[in-house]
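Novice: Got a structure here, written out as C-alpha cells. Questions coming.
The values are calculated or read from the model by the stated rules, or taken from the named source; none is laboratory data. Small disclaimer: the values here were computed from a predicted structure and weren't measured. Note: ideal-geometry Cβ built from the backbone for every residue, glycine included; neighbour counts use all protein chains shown.
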Number of protein chains: 2
Amino acid sequence: MTSTTRTTGPLDAAPAASTTAPGTTAPAPAAANLSAPSAATPPSPGAVRPEPGERIDVTALGRLLDGRWWQLRRRARDLALDPDLQKIEGLPMAEHRERVLRQLRTLVAQGEVLRAFPVALGGKDDPGGNIAGFEELVVADPSLQIKGGVQWGLFGSAVLHLGNAEHHARLLPGIMDLTVPGCFAMTEIGHGSDVASIATTATYDAGTEEFVLHTPIAAARKEYIGNAALHGRAAVVFAQLITRGVNHGVHALYVTLRGDGADGAPVLLPGVHAEDDGVKGGLNGIDNGRLWFDHVRVPRANLLNRYGEVTADGTYSSPIENPGRRFFTMLGTLVQGRVSLSGAAVTASKMALDIAVRYGLERRQFTGADETGEVVLLDYQQHQRRLLPLLARTYAAAFAQAELLERFHDVFSGAHDTDADRQDLETQAAAAKPLTTWLALDALQEAREACGGAGFIAENRLAGLRQDMDVYVTFEGDNNVLLQLVGKRLLTDYGKSMAKIDIAGAARYVAARAADMTLHRTPLRRAAQSIHDTGSRARAAGHLRAADTQRELLEDRVEAMVAEIAGALRSRHASPVEAAAVFNAHQHELIEAARAHAELLQWEAFTAALARVRDPRTREVLTTLRDLFGLTLVEKNLAWYLMNGRISAQRAKTVTSYVDRLLVRLRPHAGDLVAAFGYTPAHLRATIATGAEGQRQHEAREYFRRLRAAGLEPVNEKELHASQQRSGLATPAE
Amino acid sequence: MTSTTRTTGPLDAAPAASTTAPGTTAPAPAAANLSAPSAATPPSPGAVRPEPGERIDVTALGRLLDGRWWQLRRRARDLALDPDLQKIEGLPMAEHRERVLRQLRTLVAQGEVLRAFPVALGGKDDPGGNIAGFEELVVADPSLQIKGGVQWGLFGSAVLHLGNAEHHARLLPGIMDLTVPGCFAMTEIGHGSDVASIATTATYDAGTEEFVLHTPIAAARKEYIGNAALHGRAAVVFAQLITRGVNHGVHALYVTLRGDGADGAPVLLPGVHAEDDGVKGGLNGIDNGRLWFDHVRVPRANLLNRYGEVTADGTYSSPIENPGRRFFTMLGTLVQGRVSLSGAAVTASKMALDIAVRYGLERRQFTGADETGEVVLLDYQQHQRRLLPLLARTYAAAFAQAELLERFHDVFSGAHDTDADRQDLETQAAAAKPLTTWLALDALQEAREACGGAGFIAENRLAGLRQDMDVYVTFEGDNNVLLQLVGKRLLTDYGKSMAKIDIAGAARYVAARAADMTLHRTPLRRAAQSIHDTGSRARAAGHLRAADTQRELLEDRVEAMVAEIAGALRSRHASPVEAAAVFNAHQHELIEAARAHAELLQWEAFTAALARVRDPRTREVLTTLRDLFGLTLVEKNLAWYLMNGRISAQRAKTVTSYVDRLLVRLRPHAGDLVAAFGYTPAHLRATIATGAEGQRQHEAREYFRRLRAAGLEPVNEKELHASQQRSGLATPAE
C-alpha cells in the first residue's frame, strides 16, 4: 500500500530505524528451539526493573510452569514456529478450511498428535503427554487445535473408548493417519446440553443385521459438527438405540458419510444429508455443519459396543445395568475434550498477557512529573490493576491445569482408574474448564483494550485469538451447566442427608449424574464438621497475606454457601414441582458456590506449586503473586465475608490497599513473569510484542535531541508567553 | 451443501415444517415500515406470560424509548431493511470495503446523513436528529455507521467546526456528496490518547504562502485512520503549527491525499504515503491505514483557521489566548463522535438482548418437574440473572443517551451554547461513552453465550456485532482515559480547595483540561455539604426499593469516594514527582468514582423517564426494571456500603434476595420489554429470533404425539426394568 520513495531530511530518522515501521514484523530468532525463556525478556529502557540480584529465576520458573511433560509441551510450542502451521488472519473461510486440513496432515507426519493411541497401532499410550502438546497448538492456530481435537480427541477417542478391539484394528488406523477425517455427531439442534434427550434413532433390523439410522424431525439434526460440512468421511453418531421395541438410550455408531466422487473428492452417500454452518464468530478453519440421516443402514458391527451390545437376533446387553449410569459412563470416557480445552485456554491466557505486558513495559504515554520523558503504561496504577490480577489468575489456572492433567493421565493410563477416580476427574474437569475458558476471554479482552487501537489490529493477534476462543466457553459442556454439575456434586458430598431432598426440573440431568457418585475423595474436602469453627483465624490476628488465612477464607466461603443451599433445599419436599422451584431459586447461588470451589482448587494448586520453587527470591515473588490471586478473590467477594461476619469492616478496608501494595511489588517482575511462559516474539507473532514500539521511541528521542543540538527546535508558544510576560511585553491578541 | 432428496416416512414431520430448517431465515414482514413494536413480540407457547390486562403498553413504551427524534430514528432503522445496506458476514475484506463505500453513496441519496450540515449547503442544521438516525445504522452494518462517521461526523465536522465560511462553501459540498471521501488524521502511532504530543509538523513558509506538512519520525505516522488505505482523497490532518520559529500547538489543515490515476482510481500524490492496516478485529468494511507526509506543501488557505490563523507574512493569531484552552476548545468541537458512538452502542445492546430474550423465551432444555415438557430457558433463575440485569442496564443507558443527545443538540444548534454548556456536554459524553460501549460488549457476549452454539454462528449476528463493537471501547477516547477525565472534573467540582493540590504525571492531560473548567452546572450536584448527613435514610426505615433510598445510596457513594480521594491528594504537596505518585496511587479509585457517577446519571435518567409513562401498569413494570438497575448497582458495590456503614449486614443480606424477586416479577414482561425496542425479526436478521426454534419444537411434539397415538413409540428401558421388577422377573445382565 505504500507509494513513491521518501526523501529524507537532514534531521529525519536514520534509515536503520525504518525497520521499525508499523506492519514490519521482527525477524524470527535464528534458533528459537527450546530457547531459554529469559532470552525472551523484552527490552524495557527506563522501565522499573529489579536489580540483577533481585530478579527471579525465569528459566527454573518456566520449567515449573511447563510441568511433567515439559519437553513435549515445548516441542509442540516450537512446532508452531512453522509458518505453514500458522493462522493467516483474514484468510477467506474456504481457504482457511483447506489450509487447516493440510496442517493436520503435517501433524500426522510429526506423529505427536497420536501419542494417546495404543502402541500396537503406532501410538504411545501416553494420554497426558498427548494433551500437554495439544494445548500448545493454540499458538499456531486455534482452528488447528480444534480440528485436531475433533479428529483425534473426539472422533478417534470415541472409537478408542467406546469401541472394541476389532473396531480399534479396523477403524483407528484410518482415523490416526487422517485417511478418514471424521465427525463426532452428538449435539442436535434441539438439544445441546441435554444429550440424553437427543432424538436421532438407530433401530435394529434383525432381518438384515443392520441399524436403521434416522432423523425423524428437524430438531434431531446434528448441529455444529466439525468436519460435517466438507471433510468428514465418517462419523461417530449418537442415537437412541432401539431394538425389539425397547429404547436402550443413547449409544454411538460408526457411520460412513461420504464416499469418493468422480474426482476423488468426498461425496455424501445416499440418505446422508449435510449443510454448512457457514461463517462463525471464530474458528473458521473448521467446516462445522449439520448432519441428518434418512433411514441410513449401518452394519451391526459398527455399533461401538463397549457399554451396550446387540446380538444378531436383536437381544440387547450391557455391562452396566442402570441405563442412567451407563449413559454417564459412556459420556465420561470423553472427558479428554474438556481437559484439553481447559489447557488450550490457559495457553491463550498466557499469550494474551505476554503480549500486553511486553507492550505495557515499552509503550509510554503522557509526560511524567519529572519532565524527563513519558510514563511507561505499566507504571500507571490502573494499568497494573487491569493486567496483574489476570497474570495471577493465569498462573493459578496453569498450576491447576497441571494437576488436572496429572489426574487425567492417572485415569486414562490405568494407573488410578476406579469409578471414583473417573468421577473425581470429571468433577475436576467440570470445575476447571469454565474458569480457564472465561479467563482466556477476560485476558484477551483486557489485553486487547490495554493495547488500545493496536490491540484491535489483527496483526497483533489478540482480536483473532479472542474470536477463536469465544466458543470454548459453551462447547464441550456449557460453562454454566458444568458449574451446576460441580455444585450438585458439592451438595452430594455435603452429607448423605442431602440424598433425601427432592431434586427435579432444572436439576434433572445433574441429579441423575450425582446419584451415581460415591463419596470417595470428595472435592468438598472438609465438609460439614469444620463449618462451625472457621473464621476464627481470619477474624483475629492472622495476617491477610498468611496462606492459612487465605485458605480458610476461601474454604469457609465454599462450605458455608453449600451448607446454606443444602439447608434451603432440605427444608421443603412437597411436590416435585415445588422442589424444582426451590432448587431453581437457588440455582445462581449454587453456581456461585461451584465457582468458589473451582477458585479454591486453583488457589490450592498455586500454593502447592510454591513448595517446588527452590530459588528463594523466585519463591518470594511467586508467593506475592499467589497472594494477589487470593486477595483479589477475597476482594471480589468482600460483601459476602462482611455480611457473614468472616471479616470485620475495619479489616475489609485494608484488603484493597493491600492489593494495591502487591501490585507495586510485582510491577518490577512483570516482564520476567510473562517471560517464564516460554514464548518468544516468534511464537507470539504480534508486532507490538517485538520491540517495535521501543525502537520508534528511541528514534523519536534521537530526533528531538538532534533538533535541539542543531538549534532548530521551535519555541513553544506557552514558553514564549511566559518569557514575554517576564520581560513586560504585552501578550498578543488579548 | 445439501445433497440427494429425502424420502419421508409415514410419521416424519409434515413438509410444512421444513421451512424451519436451520439456515433458513424467516421471510421479512411485508410491511415492516414503522410497524408497531408489539407486533414483533415473539410467540412463546407455554412460556410465562402476563394476563392480557396485565401487559405493558409496548407501543407507548417504544415511543418513549425512541425519544424526541423518534421519526428520524425509525426511518433510519427501516433504512436498514434494505438488503443492499446490510452486512454480509464473511465477505472478504476487499469486497466488504467496496460495498460499504457504495452504501455511503446510497445514504447520500437518501439525504438523512447530511442533516447536521448547514441549510445553505443542503443540510438541515439538525445535529440531534442527525445523530439519532446515525445511531440506528448499526442495525445495517457497524462498518457503515463508522465509515459514515469518519466522512461526515469527523472529516466533515472538522471542516464545519474548525473552518471558516470560505472553507464551508469550497470544501463541504464535496464532503457531503462523497465526491471527496476523506480522513480524519489525528491519532499517531506514537501518541493515541495524548493528542497534544503528536509530532507531525506544519511549518509555514512565507515565501510561497504554504505550510510544509512533514512526518519527521516513524512515531509521527498517522495510524488507524479510516479511508486512509484506499478511499481517502483528502484529509483533515492535525499537526504542530510552526511559524516564525514558534510552535503554536496542534492545528488542523485540509490536505489533498490522492488525485485521479489513469483509470480514474485515486492515486497518492507526491510526498503522501499510505499503508494498509489490513485485517482488524472487526469493522472490516473500513479501510483503516497509516498516513505519513514527506514535506507536502499545503496552501495557507487550507489551514482550518477558526481558532488559529496565520497571515501571509507568517504572523499567528487566535481568538483564544491560552494555548491549552485553545487546544481543548478545538478538540471539544468534535464531541459529536463520542455522542454517536455511545448511541450506537445502545442500539447494539438492544439488539443483543432482543435476540437473546426472544430465543430464551422459546428455547427449552431439560424436562420440567411436572413432566409435561421441557423448561423454557428464561424460566431458569441463572438465565434471568444473566439477561435481565443487562436489560435494565440497556434501558438506563437508552434514557441517559436521550438526555445526552438533547444536550448535544442544545449546544450545537446554538440554543444553549456557552463555554460551560460545552464543558458539561463533554463531561457528560465522557461519562456516557465508556458505560454504553462496555455495556454493548457485555450484552453481546452474554447474549452470545446464553444462545450457546447458535450464538456463535454468524447468521445469528451476535458474534459479528460483538467483533464490530469491540473497538468502540478504545476509539474516540479510550474508556479508561475518559473516565479519568470525568473523575478529575468531579475532583475540581468538589471544591476550590482542590485547585491547590499538585497534580502531575498521569494527571497532566486531565489537569490541563480541568484548569479551564468553571464550576457552573457541576456534574457533582450536591457536592460537599451533603456528605455528612447521608446514609441516614438508607440505614433506617427506607425501603431499598424506594427511589429516594436508591438515589441516596448511589449519590452518597460518588460523593464519599470523591471526598476521600480529594482528602488524600490534599494532604501532600511536596515535589511534583511525589504528587504524581500520590495521584497515581488513587488512579483506580478515581476511575471507579467516575464510573459510579456515570451510573448515577443513568439511574437518574431512568427515574426521570418513569414520570413520562402514562399507563400505570407500564409504569409499574418499568419502575421494577429501574429498581433492578439500582439494586444490582448496590449489590455490585455492597462491600463498599458495608465497610462505610451505609448499609447494615442484616440489610445487605436482603439485597440479593430482593434482586431475585425482581427477576421473577420481570420475567413475564421480558418479551414485551425487548419488543418495545422496535426491532422486528427483519431488523435483527438472526435466525434464532425468527421463531424457527418454536416451530421445530412444535414439529417435535407433533411427531411424538403421532408416534404414541400409532402405538409405535418404543418402551423406555428404564420403564421396562421397573415393570419387570414389579412383576418379579429378574433384570437382564446383572
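Novice: Suppose we filter segment A:358-375 for residues that are over 13 Å from residue A:671 (Cα atoms) and either in a helix (DSSP H, G or I) or more than 11 Å from chain B (Cβ to nearest Cβ) (or both); how many remain?
Specialist: So the answer is 1.
Novice: Follow-up question, since we're still on this one. Is segment A:709-722 home to any residue that is modelled with pLDDT of 95 or more, assigned to a helix (DSSP H, G or I) and under 54 Å from the mean Cα position of the chain (by Cα)?
Specialist: yes
Novice: Which residue pairs have Cβ atoms closer than 6 Å, lie 6 or more positions apart in sequence or on different chains, and pair a first residue in segment A:215-240 that is over 19 Å from residue A:204 (Cα atoms) and at the interface with another protein chain (Cβ under 8 Å from one of its Cβ atoms) with a second residue that is crowded, with 24+ Cβ neighbours inside 10 Å and polar (S, T, N, Q)?
Specialist: Qualifying pairs under 6 Å: A:221/A:215; A:224/A:288.
Novice: Could you identify the single residue in B:47, B:60, B:94 that is modelled with pLDDT of 95 or more, more than 19 Å from residue B:136 (Cβ to Cβ), away from every other protein chain (no Cβ under 14 Å) and out of contact with any Pro (no Cβ under 8 Å at 6 or more places or on another chain)?
Specialist: Working: B:47 fails: modelled with pLDDT of 95 or more; B:94 fails: away from every other protein chain (no Cβ under 14 Å).
Only one candidate qualifies: B:60.
Novice: Oh, and also: Condition test on residue B:443, is it more than 8 Å from chain A (Cβ to nearest Cβ), of a type in the set (A, V, I, L, M), farther than 30 Å from residue B:366 by Cβ and touching a residue at least 12 places away in the same chain (Cβ under 8 Å)? Step through it out loud before you land on a result.
Specialist: Working: more than 8 Å from chain A (Cβ to nearest Cβ): yes; of a type in the set (A, V, I, L, M): yes; farther than 30 Å from residue B:366 by Cβ: no; touching a residue at least 12 places away in the same chain (Cβ under 8 Å): yes.
No; evaluated as a whole, the condition is false for this residue.
Novice: Residue B:340 versus (1) assigned by TED's automatic domain parsing to the domain that holds residue B:400; (2) touching a Lys or Arg at 6+ places or on another chain (Cβ under 9 Å); (3) not hydrophobic (A, V, I, L, M, F, W, C): which is the lone unmet condition?
Specialist: All conditions pass for residue B:340, except number (2).
Novice: Filter segment B:196-243 down to the residues that are in contact with a Pro (Cβ under 9 Å, 6 or more places away or on another chain) and of a type in the set (Lys, Arg), then identify the one that is nearest to residue A:374 (Cα to Cα).
Specialist: Applying the filter and picking the extreme gives B:221.
Novice: Just one of (1) closer than 30 Å to residue A:702 by Cα; (2) part of a loop (DSSP other than H, G, I, E, B) trips up residue B:196, so point out which.
Specialist: With respect to (1) closer than 30 Å to residue A:702 by Cα; (2) part of a loop (DSSP other than H, G, I, E, B), residue B:196 is out only on (2).
Novice: When you look at residue B:307, is it in contact with a Leu (Cβ under 9 Å, 6 or more places away or on another chain), farther than 19 Å from residue B:426 by Cβ and not polar (S, T, N, Q), yes or no?
Specialist: Criteria not met by residue B:307.
Novice: Among the listed residues A:665, A:646, A:651, which satisfies the condition of being within 14 Å of chain B (Cβ to nearest Cβ), in a helix (DSSP H, G or I) and at pLDDT below 95?
Specialist: Working: A:665 fails: at pLDDT below 95; A:646 fails: in a helix (DSSP H, G or I).
Every option except A:651 fails the conditions.
Novice: Further question on the same structure: Any residue in segment B:686-707 that is farther than 26 Å from residue B:466 by Cβ sitting within a Cβ distance under 6 Å of a residue that is modelled with pLDDT of 95 or more and of a type in the set (Val, Ile, Thr)? List the pairs, counting only those 6 or more apart or interchain.
Specialist: Pairs that qualify, where the first residue is farther than 26 Å from residue B:466 by Cβ and the partner is modelled with pLDDT of 95 or more and of a type in the set (Val, Ile, Thr), are B:699/A:217; B:700/A:217; B:703/A:217.
Novice: Let me ask something else about it. Residue check, residue B:706 against (1) of a type in the set (Lys, Arg); (2) modelled with pLDDT under 95; (3) out of contact with any Asp or Glu (no Cβ under 7 Å at 6 or more places or on another chain), all met but one. Which one?
Specialist: It is condition (2) that residue B:706 fails.
Novice: OK, next. What's the number of the condition residue A:656 fails, among (1) over 13 Å from residue A:56 (Cα atoms); (2) under 25 Å from the mean Cα position of the chain (by Cα)?
Specialist: Result: residue A:656 fails condition (2) only.
Residue-wise test of (1) within 14 Å of another protein chain (Cβ to nearest Cβ); (2) surrounded by fewer than 21 Cβ atoms within 10 Å (Cβ to Cβ); (3) under 19 Å from residue B:594 (Cα atoms).
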position	(1), (2), (3)
B:396	no, no, yes
B:406	no, yes, no
B:424	no, no, yes
B:427	no, no, yes
B:435	no, no, yes
B:463	yes, no, no
B:468	yes, no, no
B:471	yes, no, no
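Novice: From the list B:390, B:334, exactly one residue is touching a residue at least 24 places away in the same chain (Cβ under 8 Å) and part of a loop (DSSP other than H, G, I, E, B). Which is it? Can you show your working first?
Specialist: Details: B:390 fails: part of a loop (DSSP other than H, G, I, E, B).
Only one candidate passes the filter, namely B:334.
Novice: Might you let me know whether segment A:245-261 holds any residue that is part of a strand (DSSP E or B), more than 13 Å from chain B (Cβ to nearest Cβ) and under 30 Å from residue A:132 (Cβ atoms)? Reasoning before the result, please.
Specialist: In the first step, residues of segment A:245-261 are kept if they are part of a strand (DSSP E or B); the result is A:246-256, A:258-260.
Next cut, more than 13 Å from chain B (Cβ to nearest Cβ) only: A:252-256, A:260.
In the following step, the residues that additionally are under 30 Å from residue A:132 (Cβ atoms) were identified as A:252, A:254.
Taking every residue of segment A:245-261 in turn, at least one turns out to be part of a strand (DSSP E or B), more than 13 Å from chain B (Cβ to nearest Cβ) and under 30 Å from residue A:132 (Cβ atoms).
Novice: Given the criterion modelled with pLDDT under 95 and under 23 Å from residue A:340 (Cβ atoms), identify the matching residue among A:505, A:477, A:464, A:495.
Specialist: Details: A:505 fails: under 23 Å from residue A:340 (Cβ atoms); A:464 fails: modelled with pLDDT under 95; A:495 fails: under 23 Å from residue A:340 (Cβ atoms).
Checking each option against the conditions leaves just A:477.
Novice: Would you please name the residue that is surrounded by the fewest Cβ atoms within 10 Å (Cβ to Cβ), looking only at residues in segment A:287-307 that are within 10 Å of another protein chain (Cβ to nearest Cβ) and part of a loop (DSSP other than H, G, I, E, B)? Don't jump to the end; show me each part of the working.
Specialist: Kept after step one, since they are within 10 Å of another protein chain (Cβ to nearest Cβ), are these residues of segment A:287-307: A:287-290, A:292-295.
Applying the additional criterion that residues be part of a loop (DSSP other than H, G, I, E, B) yields A:287-288, A:294-295.
Values: A:287: 29, A:288: 27, A:294: 20, A:295: 15.
Here the residue is A:295.
Novice: I need a count of the residues in segment B:262-286 that are in a strand (DSSP E or B) and in contact with a helix residue (DSSP H, G or I) (Cβ under 9 Å, 6 or more places away or on another chain). Can you show your working first?
Specialist: If we filter segment B:262-286 for residues that are in a strand (DSSP E or B), which is where we start, we get B:266-268, B:272-276, B:280.
Right, trim to in contact with a helix residue (DSSP H, G or I) (Cβ under 9 Å, 6 or more places away or on another chain) and you get B:280.
Looking only at that region, the number is 1.
Novice: Which of (1) buried (at least 22 other Cβ atoms within 10 Å of the Cβ); (2) under 23 Å from residue B:384 (Cα atoms); (3) not aromatic (Phe, Trp, Tyr) is the odd one out, the single condition residue A:581 does not satisfy?
Specialist: Against the list (1) buried (at least 22 other Cβ atoms within 10 Å of the Cβ); (2) under 23 Å from residue B:384 (Cα atoms); (3) not aromatic (Phe, Trp, Tyr), residue A:581 comes up short only on (1).
Novice: Give the residue that is surrounded by the most Cβ atoms within 10 Å (Cβ to Cβ), with candidates limited to residues of segment A:693-711 that are closer than 16 Å to residue B:217 by Cα and more than 9 Å from chain B (Cβ to nearest Cβ).
Specialist: First, the residues of segment A:693-711 that are closer than 16 Å to residue B:217 by Cα: A:693-708.
From what is left, the residues that are more than 9 Å from chain B (Cβ to nearest Cβ) are A:694, A:698, A:701, A:705-706, A:708.
Numbers: A:694: 22, A:698: 17, A:701: 15, A:705: 11, A:706: 16, A:708: 10.
Ranking the candidates gives A:694 first.
Novice: A further question on this structure: Identify the residue in segment B:328-387 that is more than 20 Å from residue B:677 (Cα to Cα) and among the β-branched types (Val, Ile, Thr) and, among all such residues, is modelled with the lowest pLDDT.
Specialist: At the first step, the residues of segment B:328-387 found to be more than 20 Å from residue B:677 (Cα to Cα) are B:328-338, B:363-377, B:379-383, B:385.
With the extra rule that they be among the β-branched types (Val, Ile, Thr), the set shrinks to B:329, B:333, B:335, B:367, B:372, B:375-376.
Working: B:329: 93, B:333: 85, B:335: 94, B:367: 86, B:372: 77, B:375: 92, B:376: 95.
Only one residue tops the list, namely B:372.
Novice: Another question, then. What pairs can you find where one residue is in segment A:79-96 and at positive phi, the other is assigned to a loop (DSSP other than H, G, I, E, B), and their Cβ atoms are less than 7 Å apart, with a gap of 6+ or different chains?
Specialist: Within 7 Å, the pairs are A:90/B:278; A:90/B:279.
Yes or no, residue by residue, for (1) within 14 Å of chain B (Cβ to nearest Cβ); (2) in contact with an Asp or Glu (Cβ under 7 Å, 6 or more places away or on another chain); (3) modelled with pLDDT of 65 or more:
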{"residue": "A:527", "(1), (2), (3)": "no, yes, no"}
{"residue": "A:541", "(1), (2), (3)": "no, no, no"}
{"residue": "A:549", "(1), (2), (3)": "no, no, yes"}
{"residue": "A:566", "(1), (2), (3)": "no, no, yes"}
{"residue": "A:576", "(1), (2), (3)": "yes, yes, yes"}
{"residue": "A:589", "(1), (2), (3)": "yes, no, yes"}
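Novice: With respect to residue A:90, is the statement that it is outside the structural domain of residue A:230 (by TED's automatic domain parsing), crowded, with 20+ Cβ neighbours inside 10 Å and in contact with a helix residue (DSSP H, G or I) (Cβ under 7 Å, 6 or more places away or on another chain) true? Working first, answer last.
Specialist: Working: outside the structural domain of residue A:230 (by TED's automatic domain parsing): yes; crowded, with 20+ Cβ neighbours inside 10 Å: no; in contact with a helix residue (DSSP H, G or I) (Cβ under 7 Å, 6 or more places away or on another chain): yes.
No.
Novice: Something else about it: With respect to residue B:340, determine if the residue is touching a residue at least 60 places away in the same chain (Cβ under 8 Å), among the polar types (S, T, N, Q), within 14 Å of chain A (Cβ to nearest Cβ) and surrounded by 19 or more Cβ atoms within 10 Å (Cβ to Cβ). Walk me through it before giving the result.
Specialist: On the way: touching a residue at least 60 places away in the same chain (Cβ under 8 Å): yes; among the polar types (S, T, N, Q): yes; within 14 Å of chain A (Cβ to nearest Cβ): no; surrounded by 19 or more Cβ atoms within 10 Å (Cβ to Cβ): yes.
The answer is no for residue B:340.
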